[in-house]
1. Every residue in segment 22-53 that is within 16 Å of the ligand (Cβ to nearest atom), in contact with a Ser or Thr (Cβ under 6 Å, 6 or more places away or on another chain) and more than 14 Å from PHE92 (Cβ to Cβ), please.
2. All but one of (1) at pLDDT below 90; (2) away from the ligand (no atom under 16 Å from the Cβ); (3) touching a Phe, Trp or Tyr at 6+ places or on another chain (Cβ under 8 Å); (4) of a type in the set (S, T, N, Q) hold for ASN19; which doesn't?
3. Between residues in segment 30-44 that are aliphatic (A, V, I, L, M) and residues that are surrounded by 18 or more Cβ atoms within 10 Å (Cβ to Cβ), which pairs lie under 6 Å by C-beta distance while being six or more apart or on different chains?
Amino acid sequence: MEFSVLGLLALTGSVAAFNGQVSTWLEAGGEGPGILHIYLTDYDTGSTYEGRDYTGGLGCLPENSFVETSPGGYNWSASVWQTSDGCFNIDFQGAFGAGHEYCCGGLPCDLSG
Ligand SMILES: *[C@@H]1O[C@H](CO)[C@@H](O)[C@H](O)[C@H]1NC(C)=O
């Protein structure tokens, strides 16, 4: 009995996170800073999402900053930032049941908690 409870907790723990890849594309914007497109692919569901930072950098996203670009229409908010060691960080703020995840070594990369 205790075994199955622990197994269930372990399973729940691994599901309640975002398992996927992040990549970015900087769209040059004439005179302005450009638009940084942030793409996320969910490996578990195959769904894709896009966020845009109109300052051309990371860390200035509005509410409901990510919209689903695959069928489903799931829009959600997150904050993203880059640390001085070049790691990409994202706080899902509860979307996907996930919190802070990050990945290092340049984009695209696979997020982990
Ligand atoms: C998600 O955002 C897109 C783009 O702003 C919008 O067209 C769509 O209606 C939104 N979906 C929901 C469910 O709010």
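1. Within segment 22-53, TYR39, THR48, GLU50 meet the criteria.
2. With respect to (1) at pLDDT below 90; (2) away from the ligand (no atom under 16 Å from the Cβ); (3) touching a Phe, Trp or Tyr at 6+ places or on another chain (Cβ under 8 Å); (4) of a type in the set (S, T, N, Q), ASN19 is out only on (1).
3. So the pair list comes out as LEU36/ASP53; ILE38/GLY51; LEU40/GLY20; LEU40/VAL22; LEU40/TYR49.
The values are calculated or read from the model by the stated rules, or taken from the named source; none is laboratory data. Just so you know, these numbers come straight off a predicted model, no measurement behind them. All Cβ positions, even for glycine, are placed from backbone atoms using ideal geometry, and neighbour counts span all protein chains on display.
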